[in-house]
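We did not get these values from a lab; they are worked out from the coordinates using the rules stated. None of these values were measured; they are calculated from a predicted model. Quick reminder, even Gly has a Cβ in these numbers, built from the backbone with ideal geometry, and neighbours come from all protein chains shown.
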Amino acid sequence: EQLLVESLLPDALSGWEPDLASGKSVGEQLAEQLRPHDGAWAERVAAAEAEGGELKLIGRLDVEAGTAQLKLEVVPPTDTLARCEGMQNVIVVHSARYGAAAGGPLVLMGPAAGHELKAMGMFTDVLRLSRTLAEWNIPKIL
């Protein structure tokens, strides 16, 4: 099993820690450290727009391969995931039951409860789903 996560922080800030004695909030300090990297992000957004898409933070789980990943991807406007705006969750399930033969994947979409709860809830759901799918695929020995 493997989990791949693309950090949204530039490599130069991978070891950054806030100065708690500075009197500035952690958010202010981080914003100051990120400013020199704004150009790189602007280029990435412009490249996505040039492709006709937009950047979205996408999590993917492949039960058969035993992999999970979380990274920014360019999503075209026709993609189901492009409909996710603001504080929404979108989960698209491709399986033997929900796929091209069924007319498309199963799509679950709804409001989120905030960044922390959204991340925790989606991670918990993915773990539960992976365990359930693993149990379905493990042959029973009689």
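Would you calculate, for the chain, the mean residue ellipticity at 222 nm contributed by helices, counting each DSSP H stretch of 4 or more residues as -39,500 (n - 2.57) and dividing by all residues, to the nearest 500?
That comes out to -10500 deg cm²/dmol.
Taking amide H positions as placed in the peptide plane 1.01 Å from N, state which residues far from G99 in sequence (5 or more) or on other chains have amide H under 5 Å from it.
Correct list: G104.
How about region 46-93: which GluC sites (Glu not before Pro) there are in a DSSP loop, with at most 16 other Cβ atoms within 10 Å of their Cβ?
Taking region 46-93 and a limit of 16 other Cβ atoms within 10 Å, the loop GluC sites (Glu not before Pro) found are E51, E64, E85.
Output the relative contact order of the chain, whole-number percent, from Cα pairs under 8 angstrom with separation of 6+ residues.
The normalised contact order for the chain reaches 18 percent.
Could you give me the radius of gyration and the Dmax of the chain, taking only the C-alpha atoms into account and expressing both in angstrom?
When restricted to the Cα atoms of the chain, Rg and Dmax are 19.0, 65 Å.
Normalise the Cα radius of gyration of region 1-72 by 2.2 N^0.38 Å (N = residues in it) and let me know the number.
Rg over 2.2 N^0.38 Å, computed on Cα atoms: 1.45.
Across the chain, where is the longest run that never hits trypsin sites (Lys or Arg not before Pro) in a DSSP loop with at most 12 other C-beta atoms within 10 Å?
With trypsin sites (Lys or Arg not before Pro) excluded where exposed in loops, the chain gives 1-96 as its longest stretch.
Within a Cβ distance under 10 Å of L4, other residues only, what is the Lys/Arg minus Asp/Glu net charge?
Values: positive: R60, K71; negative: E6.
Residues close to L4 contribute a combined charge of +1.
For the pair A42/K71, report the inter-label distance in nm, with labels modelled 7 Å from Cα in the Cβ direction.
In this crude label model, A42 to K71 measures out at 2.6 nm.
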